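In what follows, a single structure is set out as structure tokens and then discussed.
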Amino acid sequence: KIVKMNFSIFSLILILSSHSACQAKEWEPHPHQGLSKPYPAGKPAANIDSKEETQLRDGKLLQQSLKSGGGAGRALAIQDLHAPPEYVWDRILDFQNYPKMVPKVVKCRNYEIQTFRNGTEAIKTNMVMSVFGVKFDNFIYHTYFRSLSSLTWTLDYSRKSTLDDSVGYWYVEGAPGRSQEEAGEWSRVYYSCMLRVPKWVPGIVVSFLEKKAVSEANVWLKREAEAKFKNHKETGETLALKGGFKGFMLPKEGIDRKMLSLAKSFGKESAQVVEEPEEDEEGQSPGKLKIASRILTFGAGYSLGWLACSKKFASNESPGA
């Protein structure tokens, strides 16, 4: 009986793994264009009292229950890390090495990267996770807002992922309230996400994702960022420069003002796993506004740069030329 039971469990895991792997298809579009409201960039509207501030300074993870516009609860995790913001971003953006850093990530590769002229980066990543033998093969569209110190993501809806939907958010700032000696060596990190899982996923997997998704993200990031910063302090190394060509930067009163207005509307979002509710959460399609912003950024940046170059060359021309 024990042998049969073990075989049955193994068979179930094998079937579920095969089913989840078959769900993700690189050249087939996702069944929808987004059901969960995506996170805007910018600092979240988190209220931290004096007691919670003490917890953060003591290195503890703070979790707050927040409400989104659609009424679905999400959780926001906040933690202080003994590493400067640039080291934190170095680890968050190192997607290629996630299998070495992030538990349950077995494969991760970037398949498309674009760097826009205001410094914003669009990073499309194929990330495969294995939870209790169940594989989640997902195509994720990250947007790194360098000027707002934020990374947001949705699924890449042009490709079919195992998850029904996924939206998430990182925000990093220098840790407030630190002494002058500590100020440059500490960061405060905010993390939130929301997953929608297919109905065939076993309850034990859903329960794990629901309870561990937020806390585990902060644990691996704290470990990796602090370890790299400590190593560099001891060896005298510095971070290598990352990112693509920025081109002509737009003035802050340009596209950045639009992004900041989006950031102010950040209404206390959170993290939660949802098993395909009957009524979808209200919210606009996550692709349209972002794409429009990117087109505007590229077009305006290119035009301003070309105009500046034209004036410079015109002023340098001799009257007889």
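Under 5 Å between amide hydrogens, which residues at least 5 positions from residue 131 or on another chain qualify, with H placed 1.01 Å from N in the peptide plane?
Under 5 Å from the amide H of residue 131 lie the amide H atoms of 136, each far enough along the sequence or on another chain.
Translational diffusion coefficient, Stokes-Einstein: compute it for region 27-171 using the Kirkwood radius over C-alpha pairs as Rh, at 37 °C and 0.692 mPa s, and state it as an integer in µm² s⁻¹.
In µm²/s, the coefficient rounds to 194.
Report the local net charge at residue 132: Lys and Arg +1, Asp and Glu -1, summed over other residues whose C-beta lies under 12 Å from its C-beta. Don't skip to the answer; put the middle values down first.
Working: positive: 104, 135, 212; negative: none.
Spelling it out: positives minus negatives among the neighbours equals +3.
Quick one: which of 202-210, 224-232 comes out on top by average Cβ neighbours within 10 Å, and what's the full order, highest first?
Working: 202-210: 15.4, 224-232: 17.4.
In descending order of packing, they fall as 224-232, 202-210.
Within region 62-195, what is the number of lysine pairs with alpha carbons under 16 Å apart, leaving out pairs fewer than eight places apart on the same chain?
Taking region 62-195 as the scope, the lysine pair count is 5.
Which cross-chain or sequence-distant (5 or more) residues have an amide H under 5 Å from the amide H of residue 164, H modelled 1.01 Å from N in plane?
Those qualifying (amide H under 5 Å, at least 5 residues apart or on another chain) are 196, 197.
Sort 100-106, 195-201 by the packing proxy (mean of other Cβ within 10 Å over each peptide's residues), most packed first.
Top to bottom by mean Cβ count within 10 Å: 195-201, 100-106.
Is the shape of region 193-232 rounded, prolate or oblate, going by the alpha carbon gyration tensor and its root eigenvalues a ≥ b ≥ c, with a/c under 1.5 for rounded and a/b larger than b/c for prolate?
prolate
Counting Lys and Arg as +1 and Asp and Glu as -1, what is the net charge of the other residues whose Cβ lies under 14 Å from the Cβ of residue 83?
Summing Lys and Arg as +1 and Asp and Glu as -1 gives -3.
Decide, for region 75-125, between rounded, prolate and oblate: order the square roots of the alpha carbon gyration tensor eigenvalues as a ≥ b ≥ c, take rounded if a/c falls under 1.5, and otherwise choose prolate if a/b is larger than b/c, else oblate.
Details: a/c = 1.94, a/b = 1.13, b/c = 1.71.
Cα axes put region 75-125 in the oblate bin.
Label-point separation (nm) for residue 216 and residue 233, each offset 7 Å from Cα along Cα-to-Cβ?
Going from the residue 216 label point to the residue 233 one covers 2.9 nm.
If you consider only alpha-carbon coordinates, what radius of gyration and Dmax does region 128-233 have, in Å?
16.7, 53
Under a 1.4 angstrom probe, counting protein chains only, how are 170, 27 ranked by accessible area, largest first?
On the way: 170 10, 27 205 Å².
Highest to lowest solvent-accessible surface, that is 27, 170.
For region 56-63, take each phi angle, set θ = phi - 60°, evaluate the Karplus expression 6.51 cos²θ - 1.76 cosθ + 1.60, and give the result in whole Hz per residue in order, putting x for glycine and proline.
5, 5, 7, x, 8, 7, 9, 10
The values are calculated or read from the model by the stated rules, or taken from the named source; none is laboratory data. Please read all numbers here as calculations on a predicted model, not as lab measurements. We place every Cβ from the backbone using ideal geometry, glycine too, and count neighbours over all the protein chains shown. Side chains are part of the model used for accessible areas, which takes the heavy atoms of the whole protein and leaves out ligands, DNA and RNA. Shrake-Rupley method; radii C 1.70, N 1.55, O 1.52, S 1.80 Å.
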